[in-house]
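Colleague: Sharing a structure, written as structure tokens. Questions coming.
The values are calculated or read from the model by the stated rules, or taken from the named source; none is laboratory data. Treat the numbers as computed from the prediction; the structure is a model and nothing was measured. As a convention, Cβ positions derive from the backbone with ideal geometry for all residues, glycine included, and neighbour counts pool all protein chains shown.
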Amino acid sequence: MDKPSLPKGTRDFGPAQMTKRQFIMEGIRKVFQKYGFMPLETPAMENLSTLTGKYGDEGDQLLFRVLNSGDFLKDVQPGQLESRNSKQLSPAIAGKGLRYDLTVPFARYAVMNRHEISLPFKRYQMQPVWRADRPQKGRYREFYQCDADVVGTDSLVCETEIILMIAEIFNGLNIVDYTVKINHRGILSGLAEVSGAGDESALFVGIDKLDKIGEEKVREELLGKGFTQQSIDTVFKVLGHKSDAKQKLDFLKEQFKRSPAGQKGLNDLQEVFELLDAYGLKRDRVDFDLSLARGLSYYTGCIFEVKVNGVAIGSVSGGGRYDNLTQAFGSKERLSGVGISFGIDRIYDAMEELNAFPLDATRSTTVLICHFDKESMRHGLSILNSMRARGIASEIYPDLKKIDKQLDYANNKKIPFAVIIGSEELKSGLYSLKDLRKGEQLKLGVDGIVAHLASNEQPNKSS
């Protein structure tokens with residue numbers, strides 16, 4: 001019999017890891033709710049017609065297809081198997097796929113439920129997604145995303161609030177050194193116009209790979225797709241312009257005098273910066289990055305990406321505005337949307353590398369009730385019930401073991417306090433409360449224990 005194993009690019013998460021992941025998700029969820037977003041879930045599977053054509057050719061190739069149930073070969077035509085042509089065979093044997101992201105399913109939901117939702121519609125979604133990518137550090141085939149999107153408004157207040165949420169979320173997670181990169185697809189369209197690069201999509205995909213494969217490889221790729229050397233030189237001349245945000249805007253205004261798309265992008269970005277100033281947010285972590293492209297084809301406006309500095313991990317968050325995604329589902333009504341997605345797995349890896357988790361992030365229990373015999377154990381049950389009734393996460397050691405064994409259990413689970421009940425405690429009604437972190441011990445009644453635990457429940461900042 002083969003030893004049990006996991007598919008590549010997937011992972012188990014034990015209790016210590018899960019409590020840290022829940023710490024991240026709760027921090028994100030609180031901010032989403034604070035900004036007025038409502039929860040939503042969609043199925044793990046979508047019809048392939050929903051997913052294909054929304055992510056570009058490279059994205060379509062990374063979709064996990066789900067075989068039709070039953071005899072999945074029944075619709076295969078003679079000769080299709082022998083041809084070994086996957087593009088022809090796939091529609092006949094697989095009509096569904098695992099979701100690639102949360103944005104496209106959300107757009108599908110918005111179209112299907114248009115008459116039940118009020119615009120602008122703000123939702124958040126925290127679910128796993130799947131991509132048939134090559135597994136490597138920081139890149140998995142199954143991973144969680146936490147998305148917040150707004151549809152039904154063109155207002156750039158939404159883009160501004162995305163940046164505000166990013167700042168608040170990372171502050172709550174104790175991540176202090178990060179960069180929010182921002183650009184606009186209109187600016188990239190303007191760049192394509194002024195450089196004479198005909199294939200916008202190929203240009204965007206190429207630019208999106210700059211930080212992964214470098215300028216030389218991107219130049220080679222663009223040459224291979226029919227771009228001229230002159231147009232490529234023009235592209236990299238503009239991308240190579242180094243200055244602050246205001247100077248970049250002024251520089252590009254000169255470059256894009258004859259590009260309506262470029263001018264629209266510049267005007268939008270300038271307004272976002274002005275709105276951030278009006279909110280009172282310092283822009284020291286916001287970087288206007290001309291080379292930011294975002295590979296997904298559905299973006300049309302402002303685009304975002306967040307990088308945690310000082311760790312060997314790619315972007316931990318990204319998003320942008322999409323004006324035409326709902327129309328891809330046959331909707332005659334144009335529902336402009338904008339959203340941001342946080343990758344739980346990469347944030348987790350970054351926080352582990354930075355040692356940013358608080359000490360109590362892995363703790364689920366505050367106090368363990370320990371006992372010497374059956375009588376003290378049964379008495380401990382009433383104390384346990386009293387603790388839980390007052391909102392204190394408590395448990396009792398279930399077996400009759402030596403006190404040392406019980407305290408070892410508490411230490412292994414990082415339970416900070418133990419209540420020890422023996423014959424003396426049963427007589428006096430005063431119980432030994434042991435602080436396992438400091439090695440200190442007090443004699444207190446139940447009310448005193450509750451008060452002491454409440455005063456010691458201040459979160460620790462780092463592990």
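Colleague: Can you say whether residue 231 is in the same structural domain as residue 341 (by TED's automatic domain parsing), surrounded by 16 or more Cβ atoms within 10 Å (Cβ to Cβ), touching a Ser or Thr at 6+ places or on another chain (Cβ under 6 Å) and of a type in the set (Gly, Ala, Ser), as far as the supplied structure shows?
Modeller: Yes, satisfied.
Colleague: Just name the residue that is modelled with the lowest pLDDT out of those in region 36-82 that are exposed (fewer than 15 other Cβ atoms within 10 Å of the Cβ) and in a helix (DSSP H, G or I).
Modeller: Residue satisfying both the conditions and the ranking: 82.
Colleague: Determine, yes or no, whether residue 163 is assigned by TED's automatic domain parsing to the domain that holds residue 314 and not small (Gly, Ala, Ser).
Modeller: It is true that residue 163 is assigned by TED's automatic domain parsing to the domain that holds residue 314 and not small (Gly, Ala, Ser).
Colleague: Using beta carbons and a limit of 9 Å, which pairs, at least six apart or on different chains, have the first residue in region 227-240 and farther than 17 Å from residue 184 by Cα and the second one acidic (Asp, Glu) and part of a loop (DSSP other than H, G, I, E, B)?
Modeller: Sorted first by the residue in region 227-240, then by its partner, the pairs are 227/199.
Results for (1) among the aliphatic types (A, V, I, L, M); (2) touching a Leu at 6+ places or on another chain (Cβ under 7 Å), shown as yes or no for each residue.
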| position | (1), (2) |
| --- | --- |
| 333 | no, no |
| 340 | yes, no |
| 361 | yes, no |
| 366 | no, yes |
| 372 | no, no |
| 379 | no, yes |
| 385 | no, no |
| 392 | yes, yes |
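Colleague: Next question. Being farther than 12 Å from residue 368 by Cα, touching a Gly at 6+ places or on another chain (Cβ under 9 Å), in a helix (DSSP H, G or I) and touching a residue at least 24 places away in the same chain (Cβ under 8 Å), is that true of even one residue in region 428-446?
Modeller: Taking every residue of region 428-446 in turn, at least one turns out to be farther than 12 Å from residue 368 by Cα, touching a Gly at 6+ places or on another chain (Cβ under 9 Å), in a helix (DSSP H, G or I) and touching a residue at least 24 places away in the same chain (Cβ under 8 Å).
Colleague: While we're here: Six or more apart or on different chains, Cβ under 6 Å: which pairs go from a residue in region 384-412 that's surrounded by fewer than 18 Cβ atoms within 10 Å (Cβ to Cβ) to one that's of a type in the set (Ser, Thr, Tyr)? Could you list them?
Modeller: Matching pairs, first to second residue: 388/394; 393/365; 393/366.
Colleague: Looking at (1) touching a helix residue (DSSP H, G or I) at 6+ places or on another chain (Cβ under 7 Å); (2) of a type in the set (D, E, K, R); (3) assigned to a strand (DSSP E or B), which one does residue 215 not meet, given that it meets all the others?
Modeller: Among (1) touching a helix residue (DSSP H, G or I) at 6+ places or on another chain (Cβ under 7 Å); (2) of a type in the set (D, E, K, R); (3) assigned to a strand (DSSP E or B), the lone unmet condition for residue 215 is (3).
Colleague: Looking for something more than 30 Å from residue 399 (Cα to Cα) and buried (at least 18 other Cβ atoms within 10 Å of the Cβ) - is there at least one such residue anywhere in region 361-370?
Modeller: no
Colleague: I've got another one for you. For region 272-292, give me the residue count where each residue is surrounded by 16 or more Cβ atoms within 10 Å (Cβ to Cβ) and not in a loop (DSSP other than H, G, I, E, B).
Modeller: Counting residues in region 272-292 that are surrounded by 16 or more Cβ atoms within 10 Å (Cβ to Cβ) and not in a loop (DSSP other than H, G, I, E, B) gives 7.
Colleague: With a cut-off of at least 2 residues that are touching a residue at least 60 places away in the same chain (Cβ under 8 Å) and among the aliphatic types (A, V, I, L, M), name the strands (runs of 3 or more DSSP E) lying wholly within region 98-204.
Modeller: 142-151, 178-184
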